[in-house]
1. Taking DSSP loops as anything outside H, G, I, E and B, show the longest stretch in the chain free of trypsin sites (Lys or Arg not before Pro) there with at most 12 other beta carbons within 10 Å.
2. What's the carbon and sulfur percent of the chain's accessible surface, probe 1.4 angstrom, rounded to a whole number?
3. Any chance you could count the Lys pairs in the chain whose alpha carbons are under 27 Å apart, treating pairs 8 or more apart or on different chains as valid?
4. Taking every pair of alpha-carbon atoms in the chain, give the share separated by more than 40 Å as a whole percent.
5. Per residue, how much accessible area does region 262-322 show when a 1.4 Å probe rolls over the protein heavy atoms, in square angstrom?
6. When the chain is treated as a GNM, springs tying every alpha-carbon pair under 10 Å, which of 27, 80, 64 comes out with the largest mean-square fluctuation?
7. Could you give the length gained on full extension between residue 77 and residue 336, defined as 0.36 nm per residue of separation minus the Cα-Cα distance, in nm?
8. Using a 1.4 angstrom probe on the protein heavy atoms only, line up 259, 47, 316 by accessible area, largest first.
Amino acid sequence: MPLEDSWREEKQSAYLYQIMAGVEADPAKSALFSGLAREAGNQADVWRRKIIESGKEVPAEYKPTIRARLVGMLIRRLGPRRIRPVLAAVKVRGISVYGGPAISDGHPMPASVEEVGHRHAGIGGGNLRAAVFGINDGLVSNTSLIMGVAGAMTNAKVILLSGIAGLLAGAFSMAAGEFISVSSQREMYEYQIELERRELEEYPAEEAEELALIYNARGLSLDHARRVSHEMIRDPKQALNVLAREELGLNPDDLGSAWGAAVFSFGAFATGGFIPLLPFILGLQKSAVMIAAILAAAGLFLVGAMLSLFTGRRAWRSGLRMVLIGGAAATATFLIGRLLGVSLS
């Protein structure tokens, strides 16, 4: 990255920190972002000196880009907590204060990167939750499609082909969306880590001070926070992981594989979409629509019951709610299909 770009990155961070300090009602968090703005300004001065040493012209002043102004507007309108992913992408540090637990001088501090990552681990069973929602999406969307076509015509082959097309289109769409999402997250993480690596090489003391300010905002005394932060970034490899978690709120262990996420999403959606197709594949003719509706209702109830693992609701109530929601969607598409079939015939 050119020296001028590094200077602009730090000046942009300082600009956004000042906005965050101004909108933050919590005095500790406001002080944190004021401190981070000061540190970003100091780091920008480091890059300015390097620009001068390289014989290049120093930018006269920093002018916020359209992107920086837009992020600043979002901070003022929505608050930092609601746009944490956006802030992480524009090199705003310290956002882990909105997700990390409060700490104090009596709180046992992490002794390794693994302990830091544990505090940022999500809850809710990641892959299982994604599988349940993927199956639910496939089941509801393909059942609705099949019922809509069945309402318009009675040709079982056309209904089967429509269902297969809907299953494949939905599954590929889900897979593509997951691939792009995970790839974008990984690219953002790798970019931010590369920035952190370069900054650690240029000014490790300033990076340690930023980390100390974050721990201080979360309840640790500043002296204790400084001792901890200097210890945590002593090892460069460990330091990058700690800074990713504590400054950016990112957990590299949660990123996963883009291809894996795509295949997983494809399979989950296809599994749900296959259920209402089964009677048509078996060639049950006249009873196919009714059996498809029964299978879909059973599948929806099971999905709803599984969702109760994440919502805490009673399984039967969650299952019944899912049947009612999915049934309403399928009924509506069936009636619309019937109206269209009549009007076009």
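1. Numbers: sites that count: 56, 234, 314.
Counting at most 12 other Cβ atoms within 10 Å as exposed, the longest clean stretch of the chain is 57-233.
2. Working: 10900 of 17750 Å².
The computed percentage sits at 61.
3. 15
4. Numbers: 20714 of 59340 pairs.
Percentage above 40 Å: 35.
5. On the way: 3320 Å² over 61 residues.
Dividing the accessible area of region 262-322 by its residue count gives 54 Å².
6. Ranking 27, 80, 64 by mean-square fluctuation puts 27 first.
7. Values: separation 259, 0.36 × 259 = 93.24 nm, distance 4.10 nm.
Extra length available between residue 77 and residue 336 comes to 89.1 nm.
8. On the way: 259 180, 47 5, 316 135 Å².
Largest to smallest exposure gives the sequence 259, 316, 47.
The values are calculated or read from the model by the stated rules, or taken from the named source; none is laboratory data. On a predicted model such as this, the values are computed, not experimentally measured, just so you know. Cβ coordinates were reconstructed from backbone atoms using ideal geometry, including for glycine residues, and neighbour counts include every protein chain displayed. In case anyone asks, the SASA skips ligands and DNA or RNA and just uses the protein heavy atoms, side chains included. Shrake-Rupley method; radii C 1.70, N 1.55, O 1.52, S 1.80 Å.
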